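Take a look at the structure below.
The values are calculated or read from the model by the stated rules, or taken from the named source; none is laboratory data. Computed from a predicted model, the values in this text were never measured in an experiment. FYI the Cβ positions are ideal-geometry reconstructions off the backbone, even for glycines, and counts take in every protein chain you see. Accessible surface areas use protein heavy atoms only, side chains included; no ligands, DNA or RNA. Shrake-Rupley method; radii C 1.70, N 1.55, O 1.52, S 1.80 Å.
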Amino acid sequence: MNGLRLLGTGRALPKEAFDNDAMTRYVDTSDEWITSRTGIHQRYFCGEGETATTLAIEAAQKALLASGLSGDAIDCLLVATSSGEYVMPSTACLLHQALALRPEIPVMDVGAACAGFLYAVETARALLIARGGRHALVVGAEQMSQLLDMSDRNTCVLFGDGAGAAVFALEADAEYASVCGTRGDMAIKVGGPRRSQPMAMDGQSVFRFAVSTIPQCVNQLLEGTNLTLSDVDWVVCHQANQRIIDASVRRLGVAPEKFYTNLSRYANTSAASIPIALDELREQGHLLPGERYIMVGFGGGLTWAGVMMRA
Ligand code: ACO
C-alpha cells in the first residue's frame, strides 16, 4: 500500500513557560477564564536566541537520533510552519543546512496552518513515491508569539511556541489512509499588507468548524475499511481547545482516553502540536508495533487533514 511507518520523533520547547497568571501581565484575563474556556494552563514563548528555526533544529536532531538514521538517509525534508523566522530562506532550508543533509533532496516549507504537519506528511509520502526515496523528515515548528497581538485577549492566551519532528519510512506493507481539504475563509488571519496585521480570529466560528471537522475526518478515514474506532488505539488531534476535543469525543461516542491531549501544558502550537503529541506518546511507551493511530489537523485557511497509520 506504500504507507509510512514512524521511525523516530523529537520535540523542542522554549525555555520559559508562561502560566495563565503570567498572561494577566498583558491582558485583562484570569486563570479561571482561560482554564474553563480552553483547558490551557500554560504555554511557552520564545526568548532571546530562540526562534522557529532553533526549535526545529533541536526537534529534528532528536527525531533523527531516535530513528537510528544518519542525515544522509533522509530523502526529503518538509517543515510545516506559518511563523518561520524568514519568508526566505525557508525554515526547511535553514534546517537542511544545520543538519548537513544531502544537497540533492527536495526541501521546503508547507503552509497549511494547524493542518500543516499532516499536509506535510502527505506531501512527503507523495515525494518519496514519485522520486523513489525511502525516508522523510517532517517537522512542525512555530513561533506563534511573533504573530500575536499581546494586547488582544481573544487570541494571545490561546497560543504557544514549539516544534515537533518525525522521521518516516515508506514501506510497501505499511497501512496508510489520508484525507485533506480546504475552504477559503478569513475566520483566522495574520499578515495583510507588509505582513503588518497580527492574528485575528472569530473564535466561535472556528470552534464550530473544528467540532464538525474532527469527527468527519475520523469517519472518512475509517470509511471503506473494515475498521471501526475500536480498532484504533489513539486519536491525536490538533491541540487547540479541550472543549473542542471533548465535543469530538461525545460526537464520536468513544472513550476520552483514546484522544491524547497535552494542550494544558503547551496551548495551541499550530503545526507543531501533532508531532509534539506523537513524541510524548512514544516517550510514554505508546505507539508500539501494531498500534493504529489517527491524526487530525484543522486550522486557518480553513484547512483540515487526517492521516491513519499503524506503528
Ligand atoms: N479572558 C477573559 N475574557 C475573555 C478572553 C480572555 N482571554 N477572551 C475573550 N474574553 C471575553 C470576550 O471578550 C467576551 O466578552 P463579552 O461577552 O463581554 O464580549 C467573552 O469572553 C466571551 O467570549 P466568547 O468568544 O463568546 O468565548 P467562547 O466561549 O467562544 O470562547 C474561545 C472563546 C476560547 C476562543 C473559543 O471560541 C475557541 O476555542 N474557539 C476555537 C478557537 C481555535 O481553536 N482556534 C485555533 C484553531 S486554528 C489555529 O490553530 C490557527
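Here are the numbers:
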| read-out | value |
| --- | --- |
| Surface per residue (accessible, 1.4 Å probe) for the stretch 115-163, Å² | 31 Å² |
| Interchain or long-range residues, amide H under 5 Å from residue 8's placed H | 167 |
| From phi via Karplus (6.51, -1.76, 1.60), per-residue ³J(HN,Hα) for the stretch 29-41 in Hz, x at Gly/Pro | 8, 8, 4, 4, 5, 5, 5, 6, 8, 9, x, 7, 10 |
| Potential extension, residue 189-residue 246 segment - 0.36 nm per residue separation minus Cα distance | 18.0 nm |
| Those aspartates and glutamates that a straight Cα-Cα span of less than 19 Å connects to residue 15, excepting residues fewer than 8 apart in one chain | 48, 50, 58, 85, 142, 161, 279, 280 |
| Cα gyration tensor, the stretch 75-146 - rounded (a/c under 1.5), prolate or oblate | oblate |
| Accessible surface, the stretch 177-311, averaged per residue in Å² (probe 1.4 Å) | 42 Å² |
| Cα→Cβ-extended label distance, 7 Å offset, between residue 19 and residue 86, nm | 4.0 nm |
| Potential lengthening between residue 131 and residue 32 on full extension [0.36 nm per residue; Cα-Cα distance subtracted] | 30.5 nm |
| Sparse-neighbour loop sites [chymotrypsin sites (Phe, Trp or Tyr not before Pro); the stretch 1-96; at most 14 other C-beta within 10 Å; DSSP] | 86 |
| Protein-only accessible surface order, largest first, of 189, 258 at 1.4 Å | 189, 258 |
| Ordering of 279-285, 76-82 by packing [mean C-beta count within 10 Å, highest first] | 76-82, 279-285 |
| DSSP beta bridges in the chain [antiparallel fraction, %, rounded to 5] | 75 percent |
| Cleavage-rule hits, GluC sites (Glu not before Pro), the stretch 1-55, DSSP coil, Cβ neighbours within 10 Å at most 16 | 48 |
| Span from the the stretch 1-69 Cα centroid across to the the stretch 293-311 one, whole angstrom | 18 Å |
| Accessible-area composition of the chain, carbon plus sulfur, in percent [1.4 Å probe] | 49 percent |
| In Hz, Karplus ³J(HN,Hα) per residue of the stretch 224-229 (6.51, -1.76, 1.60; θ = phi - 60°; x = Gly, Pro) | x, 10, 8, 9, 10, 4 |
| The stretch 202-266 - Rg and Dmax from Cα coordinates, angstrom | 12.1, 38 |
| Mean Cβ neighbour count within 10 Å, used as a protection proxy, ranking 133-139, 199-205 highest first | 133-139, 199-205 |
| For the stretch 199-275 versus the stretch 125-178, the gap between their alpha-carbon centres in whole angstrom | 16 Å |
| Reference-scaled alpha-carbon Rg (2.2 N^0.38 Å with N residues) for the stretch 190-311 | 1.11 |
| The chain: C-alpha gyration tensor shape, a/c 1.5 cut-off, then a/b vs b/c | oblate |
